[in-house]
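Worksheet: one structure, shown below.
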Amino acid sequence: MLVLWICCMRKRVNSESNPRVRGGERLEDRRLLAFGAPACNLITDPITPAEGVAFDQSFTIGQAEPVKRRRLPRISLFQNEQELPDRFTIEATVKSSIDPITSGCTRLRQRGLKTNGLIIFDYENDRNFKFAGFDARRNLWLIGAKLRNRFYVHERLREVMPVNESFELKLNVEGTKVALVANGSLKVSHSYMAFDRTNPIGVGALIPRPTEFNNIGVTEYFPLTKTTSDSFRTVQGMTEVIDVLANDLIAYDVDATLSLPETEFSFGQASIVNNQLQFQSHENQFGDQQITYNVVDQFGRTVPGEVTFTISSQFPIQYEWNEDAYANLNLLQGTHDNLFTGQTSLHRLTGLELLDIGVPPEEFSMSTSVVPHPDNPRANAGGYLVFDYVDTKNYKYAGILGGKKTAVIAEIRNGRYVPLKSKFIGKPDNYEYNLKLLIHKNQVRLLINDTHYLSRQFTDEISTGNLGLKGHRRGSIFRALMLDDIHQPDVRINNYHKVPVHEDVLLNDLFLLPEGASITTASATHGSIKVVDNELIYRSAPHHWGPTIVEYEIKYQNGATAQKTLPVSPGVNFPVSAQLTPFGYLESDVLMNDYGFKIQGKEFYQENQYPLPFGGSETITNFNMLFLNETLPEEFDILLQSTDLNESNFAHEPVIFDYHDQLNYKFVGLTRVAGSSGSSTVIESLINSTMYPDSTTWAIGEVVNGEERILKHARRNLNLHNSLNMRLRIRDNRVSVFANGSRITSYEFPEALRYGAVGAYSPYADRAYHTLSILHAEELVEPGNYNQQLAGEMWHVSENVIEVQPASEGMSVYMLPDTFVGPKQLISHITSLSNTPDEFANGYIVFDYVDKDNFKVAGIQIGPQSIVIGDVVDGKYQTLRARNYILTVGQDVKLRLVLENSIATLTVDDQEELQYQFEDVEILTSFGYATQKSPAYFRGNPRS
């Protein structure tokens, strides 16, 4: 019991009456204090000056804020009434240890003299503030906050701090980011979620210590420029100007000036032009040139930076395989030699060789031909073009695997063969393979004989390695090798300006005409273009839509001229419903697609050849696109309607959407139609065979850079009943597929689907689909309400040719502008526009025209009585005389009309003649053309 009482008494000892020895304090210090020695004033407030300077104005530094307990932080706030800017610096000079003389702590050990110092900001009260500073005893740099009376250290840096070290502290504040700099060196930095600049700032200590502060002030903060390493590619003999400061971090109020320590380098010369770096490379050298520059601000602070120029050989470069070619070749494996056949020089290679041209540009092409040996013209061993060569165990190549007649793209990775892409080509007629390799950053494309295409997209850029050739071990024979730039504009549909069809469009709004320049000439492959008062006015061709190029020439004030191009894409309005129609017998200098679409009785077709990205072109007979003159909304529906007695023909006719070019689009469609499969029970099998007799397989996919990817499969039992209504519901980046009212599947793409074109694909000569519609979301099809501006008769007049696309009802008339008096004859040729059975040409020559409801006609019409002479009275047509004549679809019919007094004589193809005498004393000899319910061409030659 006595022992327990003694223990309890010890726990209740008052620490103030018997304090323990503090850190760094010796026991003899207490003894000296007891015998009258001076006291060590260790626990006290920081020592601060009475005033400081803020933005060139003095302010008072207050006394330490009162606290409830002795061990709490001591903080002296600035009594500064100036508003703090978004960027400022709090400065103070602080010592890492207390002064032992003034504090009376002369007998403390060195560690006991170490102290701490803080810069206080965003001070609300003694329970909520932010701080940045140091704790010398712990060798720590700190940034933190006291929140709801709890300390949080956000960033810390441990660093040895000697005794009696003087720190010039600068707390740089920029927005909510703070950075603590000591003696010009960044220690710690942190970004706070919030920073209230209306709250006071100050200095202090974490625990009571006589920390000495001097030179306290607040100044404007001008961040030090931070440079980033730049890289740039150029070619031999070129002068490039690069704005290296554009990528450097420079504050808006810092005046940065560029300077060069040296200007002469191994691969060229550098200079400063308008505060930009200009580099002129030598004409006969290539490689990497590193240039160091300095950024100097208005305060004289200098920050170094670096930029690396990769200098490539000047393209084009052609290897003719003469004796001088070996000087630019580096044979790594096998053998090589040249073969001379007449005037042609060939190159035979059995291994691997590099071209001594350095690193190529980011975009380039390699062209050559792999041919059989002259002594054996039927044996072609193939050959490859090497790119992105690093070493003998790491490089890529593309070419022909001769034994298998296959085009390949492959890689040697860490010494191992990795096949990437292959395609069977077969043996050409002349046993030669014309190869064209196109490199564009991380994409490679291989064209073989301009008929086959192979592509691959890599993760990293592939234009940073060397180039070369790779031959078969038995010998590959190469013709001349050409290295050149890619001379092919981007052909994505989004790069074409969308314009309406059959309207005069002012193109000046689509390009910037230089001041003082004038447009001299203009031309268009499809449509008409004219220059009126220095304005380009374009009208699409009668039956063309989709991408085309307008070319024009401008003349500058100094007399110089320049050729310009403008890509345009005529289209119709959204929403739209279009019926499939064959091309027929349209006259066109450019090969058009076999099928097009008919809208409001008007037919539109696209070109049959479309350019491929970065070179070549491709036949698009199987594609039928529906082009619009505006961007689609975020939500819309696509409806494809098909009819066929053989339901298997519905397969492989997908909807094409988000179409950008021939190598980048998305698709949804049927891949297989079969009889409905049986089920586990008799009842289910009976239901399937009765209600859902067709088993269908669906696919959602995309083509990216020519590579087809199937993203999702689905199987559904449907009742097609010889017809298919496929509806795609596009909702931003999500597509949902429905067929005959049944939901099939859905898929979500990473990007929006509204920016590309919409169309359909079919590999068959006879399409199963017949109608394609692009509608508002959940809308029913109402073709009569769409594109009404195209309804009605529409005449297209060009040189010696007049074309009509008539209204669905009534007779449309076009009167020739000249008027004749006296006897008159008119010779005209009429041609039908379509080869469908019900669209022969109804074409007439109009004469004795009074008004639109009263005139006379002579011409041909559909039916047994093909040659007619008639009149229209009060809008009603009546046949006056007719005769049978055999008409051939699409064949010209020559009409010759002679008027003499009241007698009209019509001669057809200089064979059949029809004559009629009118009761009129004299017939008016104003001529024109008319048609009824059929499109037709008129080529006339009026003469007296």
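The lysine pair count for region 51-220, using Cα distances under 22 Å and pairs eight or more places apart or on different chains, is 17. Model label points for residue 880 and residue 530, set 7 angstrom from Cα along the Cα-to-Cβ axis, are 3.6 nm apart.
Computed from the Cβ-Cβ distance with R0 of 35 Å, the FRET efficiency linking residue 81 to residue 253 stands at 0.90.
In terms of the mean number of neighbouring beta-carbon atoms within 10 Å, the peptides 450-457, 744-751, 928-935, 338-345 order highest first as 928-935, 450-457, 744-751, 338-345. Across region 230-312 the C-alpha pair distances fall into 10 Å bins from zero in the proportions 18, 51, 23, 7, 0 percent.
Within a straight-line Cα-Cα reach of under 26 Å, residue 564 can be paired with the following lysines, leaving aside sequence neighbours fewer than 8 residues apart in one chain: 498, 530, 555. Per the Cα gyration tensor, region 352-506 maps to an equivalent ellipsoid with semi-axes of 31, 21, 14 Å, ordered largest to smallest. Between the beta carbons of residue 102 and residue 147, assuming R0 = 25 Å, the FRET efficiency works out to 0.15 to the nearest 0.05. The modelled label-to-label distance for the pair residue 521/residue 306, using points 7 Å beyond Cα in the direction of Cβ, is 5.4 nm. Over the chain, Cα pairs under 8 Å with separation of 6+ residues give a relative contact order of 6 percent. Note on residue 423: lysines with a C-alpha under 28 Å away, same-chain residues under 8 apart excluded, are 393, 396, 404, 405, 436, 441, 470, 666, 712.
Computed extension length for residue 732-residue 482: 85.5 nm, one decimal, from 0.36 nm per residue of separation with the Cα-Cα distance subtracted.
Take the alpha carbon gyration tensor of region 632-787, find the square roots of its eigenvalues, order them as a ≥ b ≥ c, and report rounded if a/c is under 1.5; if not, report prolate when a/b exceeds b/c, else oblate. Verdict is prolate for region 632-787. When the Cα gyration tensor is reduced to axis lengths a ≥ b ≥ c, the ratio a/c stays below 1.5 for region 51-220, which is therefore classed as rounded.
Full extension of the chain segment joining residue 416 with residue 920 gains 171.9 nm, where the gain is 0.36 nm per residue of separation less the Cα-Cα distance. Once you sort the root eigenvalues of the Cα gyration tensor of region 493-571 as a ≥ b ≥ c, which label holds: rounded (a/c under 1.5), prolate (a/b larger than b/c) or oblate (the other case)? Taking the square roots of the gyration eigenvalues as a ≥ b ≥ c, region 493-571 is prolate. FRET efficiency for the residue 777 to residue 495 pair, using the beta carbon distance and R₀ = 22 Å, is estimated at 0.20.
Annotation: aspartates and glutamates with alpha-carbon distance below 19 angstrom to residue 933 (same-chain offsets under eight excluded): 603, 793, 803, 809, 838, 839, 853, 871, 892.
Only the coordinates and a few stated rules stand behind these numbers; no lab work does. Bear in mind that the values here come from a model prediction, so they are computed numbers and not experimental data. Glycine gets a Cβ as well: all are built from the backbone with ideal geometry, and neighbour counts include every protein chain shown.
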